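Note sheet for the following structure.
The values are calculated or read from the model by the stated rules, or taken from the named source; none is laboratory data. Just so we're clear, the structure is a prediction, and the values are computed from it rather than from any experiment. Glycine gets a Cβ as well: all are built from the backbone with ideal geometry, and neighbour counts include every protein chain shown.
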Amino acid sequence: MNIRIFTALAATALTFLTLAPRADAHCQIPCGIYDDNNVIDSMHTDWETIQKATQQITELSKDPAANAHQLTRWIINKESHAQAMQDKVLNYFLAQRLKPDDADKDAYLKKLQLCHNIIVTAMKCKQAADPAAVDTLHNLMHDFEEAFGTKE
């Protein structure tokens, strides 16, 4: 390629890049699309799916050879919803909603601990079909809703 053509193309591309409008957002999710209650409600749906999947996995595991395909589907579904819970806590609550509060450090630390506990417990739900982990996640969700939710 001719050096002049290359230089002209590079200059044109640079011009477009520097003149292109930028969308500088202050958060990852545009304001007004989600609110805490909607995200928490979707996390409850994730939990319900994890609970049902755990029950189905336990039942289908009694005859794994006959139920291999269904077992696989339920395992993938359970892990997908547990990951979705982790993602919501990480990308919505930790990244955007939880802010250090000098006035009420105890509330901040409680919320931070709840976020961590949900992430870890969801991980445990992915690792096994343990009803105790599912119950723990359920209890954490109620505490989480109390700490973050705005429902009355």
task = Considering each residue of the range 59-117, count those that are of a type in the set (A, V, I, L, M) and in contact with a Phe, Trp or Tyr (Cβ under 6 Å, 6 or more places away or on another chain), and give that number.
result = 1
key: Single match in Arg97, Arg22 (criterion: basic (Lys, Arg), crowded, with 16+ Cβ neighbours inside 10 Å and modelled with pLDDT under 95)   = Arg97
key: Sole exception among (1) over 17 Å from Thr45 (Cβ atoms); (2) modelled with pLDDT under 95; (3) aliphatic (A, V, I, L, M) for Val120, by number   = (2)
request  = Starting from the range 110-125, keep only residues that are free of Cβ contacts under 8 Å to residues at least 24 places away in the same chain, then list their pairs with residues that are not in a helix (DSSP H, G or I) whose Cβ atoms are within a distance under 8 Å, requiring at least 6 positions of separation or different chains.
outcome  = Leu112/Leu98; Lys124/Asp130
Neighbours by Cβ (under 6 Å, 6+ apart or cross-chain): first from the range 35-46, among the acidic types (Asp, Glu); second assigned to a helix (DSSP H, G or I) and at pLDDT 90 or above = Asp46/His81; Asp46/Ala84; Asp46/Met85
